[in-house]
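Below: the structure, in structure tokens.
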Amino acid sequence: MKLAFSTLGVPGLPLTDVLGLATAHGYHGVELRAHPEEPVHPGLSADERAAVAAEFKASGVELLGLAGYARVAAPGDDEPVLAEVRGLLELARDLGAPYIRVFPGGAAGQSAEEADAVAARRLGTAAEYAADLGVGILLETHDSHRTGADAMRVLGLVGHLRVGALWDVMHTWLGGEQPVESYAALSPHLGYVQVKDIASAEDTTPLALGAGVLPLTEVVDVLSRHGWDGWLCWEYEKRWYESAAPLPGLLTAGREHLNRLLTDAA
């Protein structure tokens, strides 16, 4: 498995510095938070996009994906959501990213069936555009659809090779799902896996990998046992928790922890 980290852990950091961190601390790739707060977002010009792609190529660091914020199950008209997804897909194509991330984003007033149907309809429409651009759309286990079983209800309705899953191990755990159950649900559609650690279900402040309660050993074990050889991406949510320790000082220990888990699982 290859290792990456998300720029959610280094909010606003210039791309040159992000790539320097990846190289210095032994990470193979980076997931970019594609938000207007960040250096890389859908508002970039063609020249700016070309410069970003060139910088990645020169660094040798891979661009794993773009973490967008489109909420595909949210109530309302389809077109604003689809426009947001198309913008992310076009940016991914221009930068050479294989994936974009979207959220479910179902609302409290929706039934599960309605949220599933809305998400599947929009993802099915976006899938055709994604296929033309050569980019995949990954539905993250998050918010209204936090378990693998939840996500699979939507993905089963979509049934398109360009639409898959992003396994956020915190949300499946918070949803009461065991790693073996999450993998069984998501494996036919799994793009990559976001790892992290927290103190408890009540305190989700990000911690160094291995310092919390999330079942990272079990996650790596089940992935290894099934011969999965994709990406583990450390999503350290510094942007949402200003009091959390700075990510750069944790990166080497985090890589070493994941490598130990991988070695033990092998």
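Taking region 127-151 as the region of interest, how many residues are open to solvent by 10 Å² or more (accessible area, probe 1.4 Å), in contact (Cβ under 8 Å) with a residue 40 or more places away in the chain and among the aliphatic types (A, V, I, L, M)?
1
Which residue pairs have Cβ atoms closer than 8 Å, lie 6 or more positions apart in sequence or on different chains, and pair a first residue in region 180-201 that is touching a residue at least 60 places away in the same chain (Cβ under 8 Å) with a second residue that is open to solvent by less than 20 Å² (accessible area, probe 1.4 Å) and among the hydroxyl-bearing types (Ser, Thr, Tyr)?
Within 8 Å, the pairs are 194/6.
Here is a check on your reading of the model: is residue 52 closer than 21 Å to residue 237 by Cβ and touching a residue at least 12 places away in the same chain (Cβ under 8 Å)?
no
On the given criteria, is residue 152 hydrophobic (A, V, I, L, M, F, W, C), within 17 Å of the chain's Cα centre (by Cα), farther than 23 Å from residue 236 by Cβ and assigned to a helix (DSSP H, G or I)?
On the way: hydrophobic (A, V, I, L, M, F, W, C): yes; within 17 Å of the chain's Cα centre (by Cα): yes; farther than 23 Å from residue 236 by Cβ: yes; assigned to a helix (DSSP H, G or I): yes.
Yes.
The values are calculated or read from the model by the stated rules, or taken from the named source; none is laboratory data. What you see is a predicted model, and the numbers here were worked out from it, not measured in a lab. Cβ: placed from backbone, ideal geometry, glycine included. Neighbour counts: every protein chain shown. For the accessible areas, the whole protein counts, side chains as well, though only heavy atoms, and no ligand, DNA or RNA atoms are used. Shrake-Rupley method; radii C 1.70, N 1.55, O 1.52, S 1.80 Å.
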